[in-house]
Every structure is written in C-alpha cells, then in structure tokens.
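Rule-based calculations on the coordinates, nothing more; no lab input. This structure is a prediction, so every number in the text was calculated from the model and none was measured. Using ideal geometry, Cβ is built from the backbone for each residue, glycine included, and neighbour counts are taken over all protein chains shown.
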Amino acid sequence: MTNLNQTTPSIRSVLFALMMAVFLSALDQTIVAVSIPAISAQFRDFDLLAWVISAYMVALTVAVPIYGKLGDLYGRRKIMLFGLGLFTLASLFCGMAQSMEQLVLARVLQGVGAGGMVSISQAIIGDIVPPRERGRYQGYFSGMYALASVAGPVLGGVMTEYVSWRWVFLINLPLGLLAWITAQRTLRGLPVPNRKPVIDYVGTLLMIVGLTALLLGITEIGQGHDWRDRQVLAQLGVALLALIVFVTFERRTREPLLPMHLFANRSAVLCWCTVFFTSFQAISLIVLVPLRFQTVTGGGADSAAIHLLPLALGMPMGAFMGGRRTSLTGRYQPIILTGALLMPLAILGMAFTPPESALLTGLFMLLTGIACGLQFPTSLVGTQNSVAIQDMGVGTSTTNLFRSLGGAVGVACMSTILLAMLQGTDLAHLTGAGIGVEGSSGNVLMDSLNAASGPALLHLREELGITFRQLFMINAGIALLGLAAALAMPNNLLRGRGHKDN
C-alpha cells in the first residue's frame, strides 16, 4: 500500500479527480430521465426509448468487474484515463446522435467508460489509504452519488427546457476533459504491478454474455414483461448457462478474471450480500415511493420527486457518521449492522405512513438514506480489508457489481410482486402497466386511474393504498436478509494506525 505522504500528488488533488469521475458517472444515471420526453418527441421511436437509460446501466454493470481486474494487471492510472476518455468521447456521440439507434449505441459506450470510472476510483482509495481511514473517504463518494441524484434532474430539466436535450450529454465534455487532465496529472504516484499481465479472454467473454443476458432479462421484467415471456426466459437461460460455464472455467484458469477463491472469503461474501440487499431496498424505493404518492394521492411528478430528497440527504449523513466511527473504533461490522437494523424499521414505518404525509414519509426516507450510507461505503471498506492487495481491484469491482445487481433485481422483484398483487383487486385491468425505472409504470397506471372519476376513483385509490402498504411490508421482510448477513459477519479489526494483523 502506498503511503499518502510518499506519493507525488497531494491526497486532496487525487480525491478531487476521483470525486469528479464518480460524480460524472452517477450524474448520467439521473440527468437523462428528465429529457426522455424531448428525445422521444424528436426521434419518434418508442420501441428503444426505455433503453436510453437501461443501455447505460447494463453496460456500466458488465464493465465494472472487467475494469477491476485490468486495474490489478496494468495499474489503475492507465485504466482510469481510458475510462474517462471513452466516457467523454461517447458523451459527444450521444449529443450528436441522429437516431434512437445511434443514441442507444453511444449510451452503451458511455456506460462502458463509466464502469471504469466507478470501479477504479474506489480501488485507488484502497491503494493509497489504510483500511481504517477508508470509511471517511468512501463517504465522500457517497456524497457525490447523493449530489448527482439531486443535481441530475434539476440540470436535465433546465437544459432540456431552455437549450436542448443534447446538452444533457454535451455538458460532460468540459467536465470530462477537466477530470481527465486532473487525473492525468495527479495519479502519477500510484503503484504499478510488476507481474506480467495475462488476459483471461475466455472468462471475459463468458462474463459479458452471462451478465448482459441476465441484466437484459431482469430489466425487461422491471419494465413490466412477464417473467414467463419466451424472450425473457431465453435471456435468463443464456445467462444461467454462460455463468455456469464461466464459474467452471474460472476455477481452472491460471489468471482468472474473477478469482473463485474470493467467494471462500466469508467476510467479503457477507459484505457483498449486505451491499446487494441495501441496493435492493434503495433503488426499489426510489421507484415505489413516488409511484405510491402519485397513484394514491393524485399528486404530480414534481411533488412526488420531493419525497426522494431526504433519501439523497440521508446517504452522505450515514456515510459521514459511519466513516468517522469506523476510523475511531477500527470495526466495520457494528456500523453495517446498525444500518441493516435501521433499514427494515424505516421501510416498515413507511408502510404505515399515509402517502399524503410528506413530513413522516420524508423522515422515514431520511432514515433509509442514513441506513444506506452506513452500509454502502463501510461494506466496501470491509471487502477491501478482507482481500489480498493483488485482488484489491477485483474485490472492489465485485462489490460494485453486487450493488448494481441488487438495484436491478430490486426493481424487477418489487414490480413483479406489485403486478401480482393487483391481479386480485378491482385494479386487475391495470396489470398491463410496467413498473420500471424509466417511468413506464407511471404512465400507464396513471392514465388508467385518470380515466376513472368520482366514487370509483376514490375506491381505486383506497385499494392501491392497501396494496402499497402490503408491498412495503414485504420489502421490509426482504430487508431482514441483509440484517441476517450483517449478523453473520465477522467483527474484524481494520488495519491502520499502527495496527498489525495477526
């Protein structure tokens, strides 16, 4: 591990470059959603509209573990600069797109670049900061995610309304160039591996095929497709086959893309489980809370979005408190356990809170955000502390992979449960509505509700309120799985501040 005082650049300049990279990658997950109506109006292609967002997320998730291994083999500075450069160039392609096909393809390239920015940034912190101090720095990254979740919709709305939707992507050019120049200058002191790199081409191909098919299937379920649909089943079948072959191959190859011995590391695996279920809850609530408000109260999208602000504020608060406590005690398991215990309680409180009560809903969303902040960065620190130095990059990227998978599975799972619950009510005729991240849920569901009026509408809204209460209770029950993982986690002591490993 490189000591901070021995590196050429200061920690502040390094941190600035890394935070800019994380902010840019997170911003493009939120800034684009507001411009979707303007994009559809120009290209008049509704078949691929949902993939303007999904293509970015799928590509980012698949790229993360690959970048982690490449960083371990070639050094993180080169890989970071490549990811930043590709992201910035792809942003130009997005802004110049002349068709929906071109835009979706450019978004794929943009996601591939962003995968390196996310994975390598957090691994670099693992390189230069002792484990006991990492919680504080990973908390800064949580702040960037929170800032992006708030700033993204605002910037996207302003630029789409007053300039053009193309500037949602073109704004990345000056920001990306500044981040690239800063990273190029400040990351010179990072360690460079001495071993000869050996690329696992077969494993890389199998992982790309398996994860892409899995995420495509999960995303389509989240958009309202039945899981028994022939296309969805085919995608999930290909994913299962490819991932089984991948695991078999990785156990035998000399330089595996994802070393299977990491899954024998109890502490790392349990950290990944807590990250998965934390993301499951956070992303599904980001979809469900505004949807519940709009459908049950009839409120607008702008009012519904306000319910998400406490979540965005709570995450950096939890990360800051968890990082400081971890640094003081050297123990990460109690922090994760606190967040895992708070999560189901906050969701259960939301279940019994009337949707129109903005104050109580905001309070429970704030507590949910704090629970996320206590778990996300601390679980990453726990993973980095548990794996060997040569596996730092792949351990970090695997944490991010489980975070992305948790969000995708959370939306798909909660959407499927909601649609199944609607089947037994007077709202059965609404079950064709998809509940997806892209907002397709809302459009069909809200249009169907708007078609009713008078006592019939009141009855439908009352039924929806009961349905969402039950759904949130199920969500709280699923959060107990994350609590179980936190309870089973070893209470290891982090390295740093003169501590010597036993």
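Things to note:
- Pair Ile389, Arg44: separation of 7 Å Cα→Cβ label points (nm): 6.2
- Available extension along the chain between Leu205 and Lys78 is 43.5 nm, counting 0.36 nm per residue and deducting the alpha carbon span.
- In terms of its C-alpha gyration tensor, the range 161-290 comes out oblate, because a/c is 1.5 or above while a/b does not outweigh b/c.
- Ordering of 308-319, 106-117 by packing [mean C-beta count within 10 Å, highest first]: 106-117, 308-319
- Whole-Hz Karplus values for the range 114-131 come out as 5, x, x, 5, 5, 5, 6, 4, 6, 5, 5, 4, x, 6, 10, 10, x, x Hz, taken residue by residue from phi with 6.51 cos²θ - 1.76 cosθ + 1.60 and θ = phi - 60°; glycine and proline positions read x.
- Phi-based couplings in Hz for the range 248-258 (Karplus 6.51, -1.76, 1.60; Gly and Pro marked x): 4, 5, 5, 6, 10, 6, 6, 10, x, 5, 10
- Label positions at Arg266 and Gln470, each projected 7 Å from the Cα along the C-beta direction, are separated by 4.0 nm.
- Compared with the rule-of-thumb size 2.2 N^0.38 Å for a compact globular protein, the range 8-77 has a Cα radius of gyration ratio of 1.51.
- With a cut-off of 13 Å on the backbone N, no residue of the range 18-57 is near the modelled label site 7 Å out from Tyr162 along Cα-Cβ.
- Cα gyration tensor shape for the range 153-210, rounded if a/c is under 1.5, else prolate or oblate: oblate
- Look at the dipole of the range 115-216 built from charges on Cβ: of Leu215, Ala123, Phe141, the Cα furthest out on the positive end belongs to Ala123.
- Cα gyration tensor shape of the chain, rounded if a/c is under 1.5, else prolate or oblate by comparing a/b with b/c: prolate
- For the chain, adding -39500 (n - 2.57) for each run of n ≥ 4 DSSP H residues and dividing by the number of residues yields -26500 deg cm²/dmol at 222 nm.
- Degrees between helix 76-96 axis and first principal axis of the chain (Cα, 0 to 90, nearest 10): 30
- Net charge of Cβ neighbours under 15 Å - reference Asn172; Lys, Arg +1; Asp, Glu -1: +1
- Simple point charges give the picture: +1 on the Cβ of Lys and Arg, -1 on the Cβ of Asp and Glu, and for the chain a dipole about the Cα centre of about 2160 debye.
- Were the residues from Ser13 through Asp226 laid out at 0.36 nm apart, the gain over their Cα-Cα distance would be 71.8 nm.
- Lys, Arg +1 and Asp, Glu -1 on Cβ, resulting dipole of the range 1-199 about Cα centre, debye, nearest 20: 860
- Applying 1/(1 + (r/R0)^6) with r as the Cβ-Cβ distance of Ala420 and Arg185 and R0 = 41 angstrom yields a FRET efficiency of 0.15.
- The modelled label-to-label distance for the pair Phe93/Leu178, using points 7 Å beyond Cα in the direction of Cβ, is 2.5 nm.
- For the range 176-189, backbone phi angles converted through the Karplus equation (6.51, -1.76, 1.60; θ = phi - 60°) give residue-by-residue couplings of x, 5, 5, 5, 5, 5, 5, 5, 4, 8, 9, 9, 5, x Hz, Gly and Pro being listed as x.
- Segment Leu457..Val154, full-extension length gain: 105.9 nm, with 0.36 nm per residue of separation and the alpha-carbon distance subtracted.
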